[in-house]
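Peer 1: Can you read through this structure? Questions will come right after.
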Amino acid sequence: MAGSPYTVTANYSGDRNVKPAAATDTHTVQAHAALTTTTVTSSPDPSVAGQPVAVTATVTHTFTTTSRSPYTVTATFSGSTDFNPSTGTDTHTVVAHAGVA
């Protein structure tokens, strides 16, 4: 997580019964990759030799915050002995839900 580890400091100014005190500790936040679901389809299926076939990969994710928007999404096909590699990129913007400050 950006900025981690965090330094946390607690200060107590004291009163007539307890002396002032201070303590410092470090807190580390571990970020985990967000869950996604990937599906791949091809159409038409079956196809005839020489006929173009669209292969579609769909990655689904639920964005829970707008803090890092816009997101850049890149799809890469590494190629094979029969097909050249290719890459496509899209930018996706997440906006706040209506009624959310």
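Peer 1: I want to verify the translational diffusion coefficient of the chain in µm²/s; compute it with Stokes-Einstein, Rh as the Kirkwood radius over Cα pairs, at 4 °C and 1.567 mPa s.
Peer 2: Values: Rh = 19.7 Å.
Approximately 66 µm²/s, per Stokes-Einstein.
Peer 1: With all protein chains present, how much of the accessible area of the chain (probe radius 1.4 Å) comes from carbon and sulfur, to the nearest whole percent?
Peer 2: 55
Peer 1: Quick check for you: with a 1.4 Å probe and neighbouring chains kept, what is the accessible area per residue of the chain, in Å²?
Peer 2: On the way: 8990 Å² over 101 residues.
So the chain comes to 89 Å² accessible per residue, rounded to a whole number.
Peer 1: Per residue of region 40-53, what does 6.51 cos²θ - 1.76 cosθ + 1.60 with θ = phi - 60° give for ³J(HN,Hα)? Whole Hz please, x for Gly and Pro, Karplus curve as stated.
Peer 2: 10, 10, 9, 8, x, 9, x, 10, 9, 3, x, 8, x, 10
The values are calculated or read from the model by the stated rules, or taken from the named source; none is laboratory data. All values reported here derive from a predicted model rather than from experimental measurement. Please note that ligands, DNA and RNA were not included when accessible areas were found on the heavy atoms of the full protein model with its side chains. Shrake-Rupley method; radii C 1.70, N 1.55, O 1.52, S 1.80 Å.
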